[in-house]
Amino acid sequence: VCVSSQVGCAVGCVFCATGTLPAQRNLSASEIIEQVLLARIEAHQRERHLRNVVFMGMGEPLHNTQSTLDAIDQLTDEACFGLGARYITLSTAGVPSGMRQAVMRFPRLRIALSLHSPFTETRRRLMPRAFHDLEELRDTIRFLNQLQKQQPVWIELVLLDGINDSTADAEALATFSDGLAVHIN
């Protein structure tokens with residue numbers, strides 16, 4: 001199930017429908033959990049099993065860090081949902097302090113970094129309010145790699161014709177990723 005962490009979003013990605021909506025408010029941990037509960041009920045009614053939770057819905061989860069991490073606490077609690085943290089993916093536009101905090105609290109949590117371009121100027125055009133520079137994001141990935149040993153950070157890209165899909169983009173992405181444990185999606 002894909003869950004939201006906010007109503008609206010402050011990152012403003014130009015390729016995302018949510019990016020056109022202003023950030024209105026953070027969801028509480030219980031509102032986040034309610035999304036999972038409803039999906040679990042729906043899955044059960046269809047004789048399916050809810051296996052994975054992805055924080056890739058509306059909002060930047062690490063602009064709502066406390067509620068997001070509190071929700072993950074409940075999702076991983078054996079008395080609640082009992083999901084392993086490795087079955088939860090937190091997708092972020094890149095909030096280094098939040099990424100570090102999340103993985104320090106949940107070492108098996110999967111982190112997906114919405115990079116979309118290895119070039120600062122292109123990334124700023126695509127994600128106008130993703131404020132952290134690329135070198136800081138590389139340092140954060142390196143830190144996460146040290147904590148998580150065998151688990152790579154996912155690098156997420158939406159390829160846009162003529163904007164971030166050139167050979168030069170691919171080569172720069174390879175350079176950005178060099179020496180890091182990442183999976184490019």
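Only the coordinates and a few stated rules stand behind these numbers; no lab work does. Remember, it's a predicted structure, so these values are computed and weren't measured experimentally. Virtual Cβ from ideal backbone geometry, glycine too; neighbours counted across all protein chains shown.
At-a-glance table
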item: Kirkwood-based shape ratio for the stretch 1-103, expressed as Rg/Rh from alpha carbons; result: 0.97
item: Efficiency of FRET between residue 174 and residue 2 - r from beta-carbon atoms, R0 35 angstrom, step 0.05; result: 0.75
item: GNM flexibility winner over the chain from 168, 102, 85 (Cα, springs under 10 Å); result: 168
item: In the stretch 1-107, the trypsin sites (Lys or Arg not before Pro) that fall in loop regions by DSSP, at most 15 other Cβ within 10 Å; result: 46, 48, 51
item: Dimensions in Å of the stretch 70-142 - Rg and Dmax from alpha carbons; result: 14.2, 46
item: Residues residue 131 and residue 48, FRET efficiency given R0 of 41 Å [Cβ-Cβ distance, rounded to 0.05]; result: 0.55
item: Exposure rule at most 14 other beta-carbon atoms within 10 Å, DSSP loop GluC sites (Glu not before Pro): the chain longest free segment; result: 79-185
item: From the coordinates shown, P(r) over Cα pairs in 5 Å bins from 0, in percent corresponds to which of (i) 1, 8, 16, 20, 19, 16, 11, 5, 2, 0; (ii) 1, 9, 18, 22, 22, 15, 6, 3, 2, 1, 1, 0; (iii) 1, 8, 15, 16, 15, 12, 10, 9, 7, 4, 2, 1, 0; result: (i)
item: Computed over the chain: relative contact order in percent, which uses C-alpha pairs under 8 Å that are six or more apart; result: 20 percent
item: Whole-Hz ³J(HN,Hα) from phi, Karplus 6.51 cos²θ - 1.76 cosθ + 1.60, for the stretch 39-54, glycine and proline x; result: 5, 5, 4, 4, 4, 4, 5, 9, 6, 10, 10, 7, 10, 10, 10, 10
item: Quotient of Cα Rg and 2.2 N^0.38 Å for the stretch 82-185, N being how many residues it contains; result: 1.05
